[in-house]
1. Summarise the partner chain shielding of B:33-41 as one whole number: the mean count of Cβ atoms from other chains within 10 Å of each residue's Cβ.
2. So for A:280, A:70, fewest C-beta neighbours within 10 Å to most, what's the order?
3. Picking from A:208, A:252, A:227, whose Cα lies most toward the positive end of the charge dipole for region A:173-282 (charges on Cβ: Lys, Arg +1; Asp, Glu -1)?
4. What whole-number value in cubic angstrom gives the convex hull volume per residue for the C-alpha atoms of region A:45-89?
5. Of the listed peptides A:213-220, B:216-223, what is their order by residue-averaged count of other C-beta atoms within 10 Å, with the highest listed first?
6. Highest mean first, how do A:80-89, A:241-250 rank when packing is the count of other Cβ atoms within 10 Å averaged over residues?
7. What distance in nm lies between label points placed 7 Å from Cα along the C-beta direction at residue A:56 and residue A:233?
8. Classify region B:88-168 as rounded, prolate or oblate, taking a ≥ b ≥ c as the square roots of the eigenvalues of its Cα gyration tensor: rounded when a/c is under 1.5, otherwise prolate if a/b is larger than b/c and oblate if not.
Amino acid sequence: MEKATPETVGGVFQIMIQTLFGPPPEPTIYERFQKAVAKTRDELVERIDDIFQGKKEIDEELLEELEMALISADIGVRTTDEILSAVRDQLSRNQLKDPSELKAHLAKHMATILERAGDSSPVIDAHPQVIMVVGVNGTGKTTTIGKLTHYLKSQGKSVLLCAADTFRAAAIEQLEVWGERTGTAVIRQQTGSDPSAVLFDALQAAKARDIDVVIVDTAGRLHNKSGLMAELEKMKRTSERLVPGSPHEVLLVVDAVTGQNGLEQARQFTKTAGVTGLVLSKLDGTAKGGIVVAIVSELKLPIRYIGVGEQLEDLEKFDPETFVRALFEV
Amino acid sequence: MFENLSEKLQRVFKDLRGEGKLTEGNIQDALREIRLALLEADVNFKVVKELILNVRTKALGQEVLTSFSPTEQVVKIVKDELIRILGSGESKLRFASQPPSIFMIVGLQGSGKTTSTGKIARWLIKNGKRPLLVSVDVYRPAAREQLRVLAKQVDVPIYAGEDGQSPLELAKGARREANQTGRDVVLIDTAGRLHIDDELMVELEQLKSEFEPVEVLFVADAMTGQDAVNSAAEFNTRLGITGVVLTKMDGDARGGGALSIRQVTGRPLKFIGVGEKADALELFHPDRIVSRILGMGDVLSLIEKVEEQIDKKDALEMQDKLLHNEFTLEDFQKQLRQLKKMGSLQSLLSMLPSVGPFKDLQNVDMDPKELVRIEAIISSMTTKERKNHEIINGSRRRRIARGSGVEVQAVNALLKQYREARRMMRSLTGGMAGVGAKRKGKGKKKGKGRGRGNTPGGLPQLPPGMNFPQIFGR
């Protein structure tokens, strides 16, 4: 063995100090996804493991339990059927025999479904870039915006917030608190004013201040109320008029506890507001968020971000492959 | 969207007529449809499994009564079973013998606790109580401000407290103030939390042991999926909830979670939230939500709503006019105004049964602006024209179009719709039974089942004026 040089000794010390007293290393994306899907994994994948325990072959009983496991994750009857018929298909062609292979197969199929929506990170070359955030009541739009602002700022972008939820009591104040936390200006008017008018102000301000990204907070609305949905259409027109080509991104925030109604939400918001991507919020609960699999599968909408807590950092960019890998640990 | 359960079952049982009994073989497909319908309504899969077993046992071997089709029988068994789970009758709020009664409002983030707190306060006032509000949500930005604004809207005092006070201190302050000012109910709005967040759940346990609330109301979002049972069960285990408030029922979620929550907690559903306004809170009726879960429309709520809004005398007059075929454009206009008064058209639509002649309504897009436009057209007619539409010739049409700022085609279209409405209303006067009878006679070769098969959901005799299809159908 060679003798230690002063450089290596110094290096070792540096590393010691760094690891012992320095800031903790940034968790890898994989680690963070693992944390995010921990609950889903516990519920879904471990259940599947239980089902397979001691099974030597894939029989009808096993498939039925698998069906229940998928449905209990809110994946929905139709998508569950799709996954299961793929399994049955492989079984009949003798490509699948061992229950232990089934898990890998499920993971692969799930990833295929999630990748159907195509690239989850569009490159937008616009200035300012306009992001509208929409959804039904209580899904976590404003919290998502706070976190998204933090994320974009950490990427070196300048951000301006637009308080276009002029309906709900104290919604503007809530956004302003996030504005303070992230050091971001909020364009607002009084409660009850026209959301499009606030948007107009915000876009003008953004142009004047040479802002990179404008994030628009909208009021929560149930997707079956045509009057309220028409308001979103109007906001889109306002945006387009001031910044041609905008809004560049319309994010639908879906609560991870949402059941089968989530599909109808996505359908209606896409129809009127032209949703371009999904944010799956509150994934840190026991919720499984399976409904997004159904949404992605049927509507081909990509998942852009997942929300995993109430802190500024608790937002992750979504990546199907990492998500499924963290979920199934394959 | 969803196909309703009785339609699915009708298809399943189509070839079944003539067979005297529901058998293991012929009921299998029906059970599968029931299972799917319930799962699509977000009823928990364990609850579904149990329910299917019960339904199978009850359905097997039942004689097919001559007056019931197999479909009707099975639907009835399912409905009864669901109602049994949900409990019967309304569930009243409880109050302490020694005021103030403390109510705690708990639930997950975004379920609608603060909005519900405001609505319950208003409901209490309407029922002769004197509530005081307090928000102990010291976590979510502007949460306390939100309750303050709502309190002002419903004109209920709120204990504001000071910044930096803990939830326990805030609630104590509120109780003190209630004692001093003679308020008899204190509503404590708590922060949304995940049931797996131990620290925050401990905080609720402390609040509960300190204040011994008579009501711990768990607020649940009607759109919740399979996870509804887990959160409800955990909140119940730790806090002993006394009732459930199901929110956002003005959406189009089936609300199957309600069934699951009831099943796992054994606690009654007390209220449902049906809108963002302060008075959009209703008492819970098991039979109505069952119809909704099965996709058969919330007919009773609809009728109640209509009754609330429509003047009895007006309604009788209208019926008389229909009977004599005197339904003029003037009456048409009157009905339009009634419609508008009844509030959100969309929420009315979601209550309609999706069976029978009103089947296609679920997919109709009703634009309130269109209502305004139609009214403008009729308003631009002279009284004489409104009383007798037949005199409206080309030049009159042009004048009406100019007056209401629309194209002549729009006037033509409206007149056509009016004539169609009039024609269909004529058949209404005999009541729905009359229509059914006529059809039955005509379509004998199709078998009498089809005409009658529509009824398991109980297609109501719609009150006069409730004629959407003519107005919005095309």
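No value in this document is a laboratory result; all are computed from the given coordinates. What you see is a predicted model, and the numbers here were worked out from it, not measured in a lab. All Cβ positions, even for glycine, are placed from backbone atoms using ideal geometry, and neighbour counts span all protein chains on display.
1. Mean number of neighbouring Cβ atoms from other chains: 3.
2. Going from least to most buried by this count: A:70, A:280.
3. So the residue furthest toward the plus end is A:227.
4. Convex hull volume per residue, Cα atoms: 62 Å³.
5. Top to bottom by mean Cβ count within 10 Å: B:216-223, A:213-220.
6. Descending packing order for the listed peptides: A:241-250, A:80-89.
7. Result: 6.3 nm between the two label points.
8. On the way: a/c = 1.66, a/b = 1.50, b/c = 1.11.
Judged from the Cα gyration tensor, region B:88-168 comes out prolate (a/c at least 1.5, a/b above b/c).
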